[in-house]
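Undergrad: Starting off with a structure, shown below.
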Amino acid sequence: DSKEKENDHGVSNALQYLTETRGLKKQTLRKYGVGLGIYNFPSVEPGMQNRYVGADCVTFPWIMRASEIHEQETLRGGSYTWEKNKSGSEKNDTSTDSPKKKDNIDVGPFVTRRIKARSLDNKANQRLDPPGGGWGLFGWHTIPADAKEVVITEGEYDAMAVYQATGRPAISLPNGCRSLPIEVLPMLERFETIYLWMDNDGPGREGAEVFAKKIGINRCMLVQPDGSTVAEGKAPPKDANDALLRGFDLEEMIQKADVLPHERILTFSELRSQVLHEMLNPEKYVGVSVPSLPKLTGIIKGFRRGEMTVLTGPTGSGKTTFLGQLSLDFAENNTRTLWGSFEVKNTRLMHKLLRQFSRGALTPDTDDKLNQAANLDVLADKFENLPLYFMKFHGGS
């Protein structure tokens, strides 16, 4: 009885998480075959890392046709067959939009290729069951046989969010933004348009570009939040599930999807959100100031990230002295500074910087060598704590 109550409690927690935290309806969860299972993962308790403990996991099945598994296994050098009943049709095939019924093609029944399990308590705890199995796409069994368009998302919750909000066929990648195994590419050949909706971050955008080139740039559209959300004071949604939870119009976002931008050409629309954010938050884009040179800071507004400043002048004009003062100001404001001195040796350069850092006579005019050494040690200790770094290479090496 206690175990039964514990299981009921786990089911209740999972359903609450899926419907309230993720905003998904029970009908959506049933359509995609989402379930609950208990999987073992290494304990996080101190001294118990070698012990495995059970964890409640949401399960995401990769369901596909037997003929598709057969094709994958053939490419892997294996084989796969399925059992037919006496009438010659496949067992347990009740799908109303079965390709077999339309094209008289022997596609076989739906089969669970593999299950992805994800812990409710720790999203880092994930497992593919069985280990070493083939690859599939979550939600593949929900796509109508005559569908010519599909939305591919980075995560399972995103795919269900897209379907729930728009009714569009939606599937997710097997294992994150860098996972599109070659085994699943033949499954995507029948689609005329593929919408790629990855997470709105660096890895997601990079993954979308790689997949578009892999699938075919001409038939891929990238779904990306436009700058209107920033202009309205709202941060853009990080993914499709976040868009669902925050009340965005997912269909409108898909309608605004665009082709993969040219690698070396930009338009304002691609940088709009960044430009508007910079205009609305200028304090976040102020450059690093030079406190010892306030007039210079007032003119150039500091040294900004992503920009390069070139300082030129004849020998002896003070280039190294000026740059030394800049680097000391940066370092004293906890800005890490790297010197690449290809002509002046590091010992001589550090000697010069130490003199500038002292803001006075480095060694007083006195015969007390012990006092001089003590003062230099104190100064050197302070100098050593600055985030200054020096490359070992220079032109004489």
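The values are calculated or read from the model by the stated rules, or taken from the named source; none is laboratory data. Every value quoted in this text rests on a predicted model; they were computed, and no experiment measured them. Note that each Cβ is placed from the backbone with ideal geometry, even for glycine, and that neighbours are counted across all protein chains shown. Side chains are part of the model used for accessible areas, which takes the heavy atoms of the whole protein and leaves out ligands, DNA and RNA. Shrake-Rupley method; radii C 1.70, N 1.55, O 1.52, S 1.80 Å.
Undergrad: Taking a probe of 1.4 angstrom, what is the accessible area of LYS148 in Å², to the nearest 10?
TA: Number for this one is 100 Å².
Undergrad: Next up: Once you've got the Cα coordinates, tell me which of LYS31/LYS238; LYS123/LYS284; LYS234/LYS295; LYS301/LYS392 are over 28 Å apart.
TA: The pairs that break the limit, which is 28 Å between Cα atoms, are LYS123/LYS284; LYS234/LYS295; LYS301/LYS392.
Undergrad: If you take the alpha carbon radius of gyration of segment 209-343 and divide it by 2.2 N^0.38 Å, what ratio comes out, to two decimals?
TA: Against the compact-globule rule of thumb, the ratio is 1.55.
Undergrad: Highest GNM mean-square fluctuation, the chain, Cα pairs closer than 10 Å: which of GLY37, GLY207, GLY324?
TA: Judging by the Gaussian network model, the answer is GLY324.
Undergrad: Here's something else I'd like to know. Could you please report the charge total around LEU376, scoring K, R as +1 and D, E as -1 over all other residues with beta-carbon less than 14 angstrom from its beta-carbon?
TA: That works out to -1.
Undergrad: Let me spell out the model: positive unit charges on the Cβ of Lys and Arg, negative unit charges on the Cβ of Asp and Glu, origin at the Cα centre of the chain. What dipole size does that give, in debye rounded to 20?
TA: Magnitude of the dipole: close to 540 debye.
Undergrad: Can you compute the radius of gyration and Dmax for segment 154-284, using only the Cα atoms, both in Å?
TA: Both quantities, over Cα of segment 154-284: 15.1, 50 Å.
Undergrad: For the chain, report the translational diffusion coefficient in µm²/s to the nearest whole number, using Stokes-Einstein at 25 °C, 0.890 mPa s, and a Kirkwood Rh over Cα pairs.
TA: Rounded to a whole number, D works out at 92 µm²/s.
Undergrad: I've got another one for you. Tell me, what is the FRET efficiency for GLN27 and ARG178 to the nearest 0.05, using R0 = 30 angstrom and their Cβ-Cβ distance as r?
TA: For R0 = 30 Å, the calculated efficiency reads 0.45.
Undergrad: Could I ask something else about it? So what's the Cα pair-distance distribution over segment 281-379, bin width 5 Å, in %?
TA: Cα pair-distance distribution for segment 281-379, in percent: 2, 10, 17, 21, 17, 13, 9, 5, 3, 1, 0, 0.
Undergrad: Explain nothing, just the number: dipole magnitude of segment 137-279 about its Cα centre with +1 on each Lys and Arg Cβ and -1 on each Asp and Glu Cβ, in debye rounded to the nearest 20.
TA: Its charge dipole is roughly 200 debye.
Undergrad: Say the dipole of the chain comes from +1 at the beta carbon of Lys and Arg and -1 at that of Asp and Glu; which of MET221, PHE383, THR81 then lies farthest toward its positive end?
TA: Farthest towards the positive end: PHE383.
Undergrad: Next question, about the same structure. Around ARG336, with a cut-off of 14 angstrom between Cβ atoms, what is the net charge of the other residues, counting Lys and Arg +1 and Asp and Glu -1?
TA: Counting the neighbours of ARG336, the net charge comes to -1.
Undergrad: In nm, give the distance between the simple-model label positions of SER317 and ARG219, each being 7 Å from the Cα along the Cα-to-Cβ direction.
TA: 6.0 nm
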